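Here's the structure, in structure tokens; my notes come after.
The values are calculated or read from the model by the stated rules, or taken from the named source; none is laboratory data. These figures come from a predicted structure and were not determined experimentally. With ideal geometry, Cβ positions are generated from the backbone for all residues, glycine too; neighbour counts draw on all protein chains shown. Protein only, heavy atoms only, side chains kept; ligands, DNA and RNA dropped before computing areas. Shrake-Rupley method; radii C 1.70, N 1.55, O 1.52, S 1.80 Å.
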Amino acid sequence: MARELFTARLDRKVCISESTQCFHFEFVLEELESFSFSPGQFISAVAEDADGKQQTRAYSLASAANVNRFDLCVNRVQGGFFSNHLADLPDEPLEVGGKIHIHGPHGHFVLHQPISDSILIATGTGVAPMRGFTQWLFPENGPDRSEGKQIWLVYGTRYESEIYYHEEFEALAERAPNFHYLPTLSRAPESWGGLRGYVQDHVARIVQERAALLGQPLPLPAPDPAIPAAELNFDIRAYICGLNNMVASVRDRLTEFGWHRKQIVFERYD
Ligand SMILES: Cc1cc2nc3c(=O)[nH]c(=O)nc-3n(C[C@H](O)[C@H](O)[C@H](O)COP(=O)(O)OP(=O)(O)OC[C@H]3O[C@@H](n4cnc5c(N)ncnc54)[C@H](O)[C@@H]3O)c2cc1C
């Protein structure tokens, strides 16, 4: 069955990191009154390449549902077709007022109900769905949906200039005492006063400190095999998004702690 294609008009475009050529995009779907999706889902963007071949790429929605608008966060991949089409094509850049075609929303990278303590783990543009999650959990103009659960965002990049939406997450951490923002740099200069190293190490520390606080043994005991996987309840989950290497490293660490596969929700970009 042919998928329904929508036309999205670019309303705002901001370069949020010069060094990675990462852009924040705000689109409007003028033919729709509302575009409904769950935070964390993605859209498929469709365009013809220079040979007239239809190309489709997935991009995570970088916002929570907001009338007929959605945001994307895309960095330019050297030699890549679509990211250059969106971000920085020298001959034909997509500028404000320009249009793209999309279908969706798609995907199962969504917050599980009921909301539990959650560790959101991202590198690079993997932060896009996390921005959607945090906008939904802690809306600026509306009731809090975090239900008082502890929400950590462990966000890894190489350099400070590559931390996307840094001020937004800092402001949220000021506003919401149960939101913990932990950016970590793998190539931090001496002057950097924040966390250093890889996300998986900081995730491990959170898990260990929390288990100690709750008096839980690690590794956790396996759940009762009599309970079907679909009916298992967890008091904490991890949501991981980024390139496969990072996702695999974090999953391995959590599995060593006895975490169940259903507790670990992930989206891989490659
Ligand atoms: C579910 C999902 C959600 C995604 N969400 C986002 C998002 O929010 N923001 C975003 O920027 N990207 C996202 N991606 C990646 C995106 O779909 C494209 O793969 C990416 O933009 C590159 O496409 P391209 O057409 O520019 O490159 P292509 O023409 O497809 O590839 C050119 C070259 O770049 C390599 N390459 C492809 N993808 C990557 C990558 N991600 N990093 C490094 N090298 C790569 C290829 O191996 C190839 O050698 C997502 C992918 C998936 C599966």
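Please state the charge dipole magnitude for the chain, taken about the Cα centre, from unit charges on C-beta atoms (+1 on K and R, -1 on D and E), reported in debye and rounded to the nearest 20.
With only Lys, Arg, Asp and Glu charged at Cβ, the dipole is about 640 debye.
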_What would the Debye equation give as log₁₀ I(q)/I(0) for the stretch 142-236 at q = 0.11, 0.12, 0.19 Å⁻¹, counting only Cα atoms as equal point scatterers?_
-0.46, -0.54, -1.04
*the chain: angle of helix 199-214 to the longest principal axis, Cα-based, in degrees nearest 10*: 40
*Which value, in Å² rounded to 10, gives the accessible area of W136 with a 1.4 Å probe and all protein chains present?*
60
*Note down the accessible area of L243, probe 1.4 Å, to the nearest 10 Å².*
100
*When N counts the residues of the stretch 1-106, how does its alpha-carbon radius of gyration compare numerically with 2.2 N^0.38 Å, as a ratio?*
1.02
*Residue farthest toward the positive end of the dipole of the chain, with Cβ of Lys/Arg at +1 and Asp/Glu at -1: which of H166, S146, G80?*
S146
_Can you give me the angle between helix 166-175 and the longest principal axis of the chain, using Cα atoms only, in degrees from 0 to 90, rounded to the nearest 10?_
50
*Estimated distance in nm for a label pair at R158 and A230, the labels positioned 7 Å out from Cα along Cα-to-Cβ*: 4.5
_Among R205, R251, R76: highest mean-square fluctuation, GNM of the chain, C-alpha pairs under 10 Å_ = R205
*Using a probe of 1.4 angstrom, how much of the accessible area of the chain is carbon and sulfur, in percent?*
48
*Using only Cα atoms, tell me the angle between helix 127-137 and the longest principal axis of the chain; keep it within 0 to 90° and round to the nearest 10.*
70
_Nearby lysines by direct alpha-carbon distance to K13 (threshold 25 angstrom, same-chain neighbours under 8 apart not counted)_ = K99
*Given N residues in the stretch 37-181, what is Rg(Cα) / (2.2 N^0.38 Å)?*
1.13
_Solvent-accessible ranking of K13, K149, K53, largest area first, probe 1.4 Å_ = K53, K149, K13
*Which percent of the Cα-Cα distances in the chain go past 23 Å?*
55
*Rg/Rh for the stretch 206-270: what does it come to with C-alpha atoms and Rh from Kirkwood?*
0.99
*So what is the accessible area of the chain per residue, in Å², with the probe set to 1.4 Å?*
51
